[in-house]
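The values are calculated or read from the model by the stated rules, or taken from the named source; none is laboratory data. Keep in mind that what you see is a predicted model, and the values were worked out from it rather than measured. When we count neighbours, we look across all protein chains shown, and the Cβ atoms used for this are built from the backbone with ideal geometry, even at glycine.
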Amino acid sequence: MTNKRALIIDDEPDILELLEITLIRMGLNTDTAANIASAKQKLNDNDYDICLTDMKLPDGNGLELVDFIQQQCPTLPVAMISAHGNMDIAIQALKAGAFDFVSKPVDLSQLRQLVSNALHLSSAEHKQKDSATQIASDEIIGRAPSIVKLRQQISKLCRSQAPVFISGESGSGKELVARAIHYQGPRAKGAFIPVNCGAIPSELLESEFFGHVKGSFSGAHQNKKGLFQAADGGTLFLDEVADLPLEMQVKLLRALQEKKVRPVGGQEEIAVNIRVLSATHKNLQTEVDTGRFRNDLYYRINVIEVAVPPLRDRGDDIVLLAERLLEKIAAEMQLPAPKIDAKALKALQDFAFPGNVRELENTLERAFTLCEYDVINETDLQLPGTTTSKATALSTEKPALYDARRHASLDEYLEDIERTILLDALEQSRWNRTEAAKKLGISFRSIRYRLKKLGLDHD
């Protein structure tokens, strides 16, 4: 951290000295100021890598200084020092553009971690000031105004530690946005831990989130770290956060406020250094209004909201997405990517895709298996209102009804049906794949893809 420079603003000499000593021991050069006027003068005269400011100052409050820094030197990370337990002030600071906050009395380990994160961000920006937007562009493609705005938001949000709530319909790409925020920020080298809150049984939530100690309950045969500890130093992404039961929402709120967790059966709290991103396809404000989601937790996780647009509102982006997704599918199957003919492209552009990008990807994956001569036509897409003759060729007989006791999911049930049909066709053709494909009315590449997907491509 040689040659790194920090500005510390506080009118309490004891706290100012403590902060200065801590940063000097970290190898930083430090300047101090006791009020906003002095701080503004130093910011105008010098370049800094991090700024720490108290909330209450003799000639104003720290939010004024945060706003000044946002206008004059927007790449400078500024952290707010607030009174213990005053989360309202901390959240105001984050909304105003503060990098992070620390509460009084100052926890020196948390302070050192905050400074380290801020300096990592500062170093990255000096090395590649103009690359953040490009990085986002590589992952979140599109030219629609809503997508351009989204990439700009990501570029800004990756510089902060503020909790971000990502709203959007199912399949619109909320996790992709969360990953972009994480991997463009100072926590990029840390873990990105996504968790579907609706997929964990309610009785296991506390153990999954916070961990447990050996013997704390039946089946706890050894100590286990929870998701919070797994994400330490990185980002925890809470997908479908609206599905958390109210009892767990209380415990989650406390963990976020205190930045500490207590494993089930444990006696001591464990400090965690994480950034929390969350998402849901539900209207979270409606969930709050109906009493299904706590207002205080909503306020805590929704410091900044990012809206992911639905696919139907992205115009010609669907063409770019289709091409990119086909390249991805083809690469996974080690096959050349097919082209999409004009009628098929028009059909894709005219379809609403209620399942958004996820539905588009599923549609293209299916078309990839059905197309012939490396060209996807309208029939291959099997969109509602189009011909599905190739699909019906795979249904030689009525399958047994879905049985939840035998199948874990609908996808597993459909795979069983497909596997049975393919094996029957191969047996009838003496395992000649070309002949089996003809019997089923599909292309050779299609049968090759399906066999690979189902693990039947043994020589």
- Do the conditions hold for Tyr402, that is, is it modelled with pLDDT under 80 and surrounded by 17 or more Cβ atoms within 10 Å (Cβ to Cβ)? no
- Qualifying positions in region 114-133 - at pLDDT 85 or above and either surrounded by fewer than 18 Cβ atoms within 10 Å (Cβ to Cβ) or among the acidic types (Asp, Glu) (or both): Ser116
- strands (runs of 3 or more DSSP E) wholly inside region 19-110 containing at least 1 residues that are closer than 22 Å to Ala162 by Cα and not assigned by TED's automatic domain parsing to the domain that holds Lys259: 50-54, 78-82, 100-103
- Message: Given the criterion farther than 30 Å from Glu359 by Cα, modelled with pLDDT under 90 and among the polar types (S, T, N, Q), identify the matching residue among Ser207, Ser216.
- Response: Ser216
- Is it the case that Phe228 is closer than 22 Å to Ile91 by Cβ and surrounded by 15 or more Cβ atoms within 10 Å (Cβ to Cβ)? yes
- Item | Complete set of residues in region 311-335 that are crowded, with 19+ Cβ neighbours inside 10 Å, in a loop (DSSP other than H, G, I, E, B) and not basic (Lys, Arg) | none
- Message: With the structure loaded, tell me whether Glu427 is loosely packed, with under 15 Cβ neighbours inside 10 Å and either in contact (Cβ under 8 Å) with a residue 40 or more places away in the chain or assigned by TED's automatic domain parsing to the domain that holds Glu332 (or both) or whether it fails that test.
- Response: yes
- Query: Looking at this structure, is Ile270 within 30 Å of Ser109 (Cα to Cα) and more than 18 Å from the chain's Cα centre (by Cα)?
  - Reply: yes
- Residues in region 361-373: is at least one hydroxyl-bearing (Ser, Thr, Tyr), modelled with pLDDT under 90 and outside the structural domain of Val148 (by TED's automatic domain parsing)? yes
- Query: Gly233 versus (1) farther than 24 Å from Val308 by Cα; (2) of a type outside the set (A, V, I, L, M, F, W, C); (3) within 16 Å of the chain's Cα centre (by Cα); (4) crowded, with 18+ Cβ neighbours inside 10 Å: which is the lone unmet condition?
  - Reply: (4)
